[in-house]
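Bear in mind these aren't lab numbers, they're just calculated from the coordinates by the rules spelled out. Everything quoted here is computed from the prediction, not taken from an experiment. Please note: Cβ atoms are built from the backbone with ideal geometry, for glycine as well, and neighbour counts cover all protein chains shown.
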Amino acid sequence: MNRFIGYYRVSTEKQGKSGLGLQSQQDAVSNFVTHRNGTLLQEFREVESGGKNDRPELFKAMEACRLYGATLLIAKLDRLSRDAVFLLQLQRGDVPFIACDMPDANVMTVGIMALLAQQEREMISQRTKDALAVLKAGGKKLGGWRDKCHHFGADDVQKAITVRQSRLSAYRSRVLPVVRDLRNSGMTYSQICERLKELGIRTYHKKENWSPVTVRNLLVNG
């Protein structure tokens with residue numbers, strides 16, 4: 001079954017309240033899902049400028065995709081972002097996405113758009129380098145002393161542990177509410193395992209098949 005999470009963006013608060021532009025996006029997503037014989041699991045709507053990357057509703061939509069093993073679905077590619085760094089992060093990320101207006105060119109097109117958007121950044125960077133070269137030629141000392149190598153110590157180990165714990169915590173925050181609801185509905189651990197598999201929710205280690213012990217441990221340690 002094709003699973004989709006819909007994401008809609010309007011650029012102004014006025015558009016968000018009036019629905020201007022939103023209905024056309026919803027129609028495009030709905031038609032796409034119907035033609036693909038898919039299921040639209042959830043929808044997220046955001047009022048935000050396309051030049052910003054700190055959009056919580058988009059990140060919630062991506063989290064839902066990770067939870068259900070779904071594809072992020074948008075009406076038009078420019079609904080995501082015009083920022084090169086963000087586009088490349090999305091392209092290289094773990095969440096598959098499709099734009100209804102360009103369903104067969106999502107990854108390639110995003111890469112091209114990102115490179116074009118980054119061209120201006122590179123031009124600015126080059127002008128900065130040229131200016132620094134002029135300062136250096138004039139006797140200005142640039143930069144400072146840097147250690148040529150890095151020795152891993154207790155702080156580095158602790159940072160690695162912190163990153164791992166953060167990833168595990170993020171996973172639990174996505175999955176635990178679903179497991180608790182299933183348990184509270186009266187399901188046994190085995191029944192919960194089957195239901196999670198039906199929903200397309202995988203274990204922390206990306207396994208499709210759950211075990212009753214894994215479900216129990218998740219509830220006990222959650």
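Applying a 10 Å radius around every beta-carbon, put 201-207, 38-44, 131-137 in order of their mean neighbour count, most first. Please report the intermediate quantities before stating the final value.
On the way: 201-207: 13.1, 38-44: 16.7, 131-137: 10.7.
So the order, starting with the most tightly packed, is 38-44, 201-207, 131-137.
Let's test the formula: R0 of 25 Å, r as the Cβ-Cβ distance of Ala170 and Asn2. What FRET efficiency results, to the nearest 0.05?
On the way: r = 25 Å, r/R0 = 1.01.
Step by step, r from the Cβ atoms, then E = 0.50.
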**Request:** Kindly flag which residue pairs out of Lys60/Lys206; Lys76/Lys159; Lys159/Lys197; Lys60/Lys197; Lys76/Lys206; Lys136/Lys159 have an alpha-carbon separation exceeding 28 Å in this structure.
**Result:** Lys76/Lys159; Lys159/Lys197; Lys76/Lys206; Lys136/Lys159
**Message:** Under the rule of at least 5 residues apart or a separate chain, name every residue whose amide H is placed under 5 Å from the amide H of Glu46.
**Reply:** Tyr8, Arg9, Val10
**Item:** Charge sum, other residues only, whose C-beta stays under 13 Å from Leu182's C-beta, Lys/Arg counted +1 and Asp/Glu -1
**Value:** +2
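Arrange Met102, Met62, Met187, Met1 by Cβ neighbour counts within 10 Å, fewest through most, would you?
Going from sparsest to densest Cβ surroundings: Met1, Met102, Met187, Met62.
Can you tell me the convex hull volume per residue for region 168-221, based on C-alpha atoms, in Å³ to the nearest whole number?
Values: hull volume 3.8 nm³, N = 54.
Hull volume normalised by residue count: 70 Å³.
If R0 is 22 Å, what FRET efficiency do you get for Gln23 and Val178 from their C-beta distance, rounded to 0.05?
Working: r = 30 Å, r/R0 = 1.38.
Rounded to the nearest 0.05, the efficiency is 0.15.
Given the Cα-Cα distance of Asp130 and Met187 and 0.36 nm per residue of separation, how much length would full extension add, in nm? Intermediate values should be presented prior to the final figure.
Numbers: separation 57, 0.36 × 57 = 20.52 nm, distance 6.67 nm.
Length difference between fully extended and current span is 13.8 nm.
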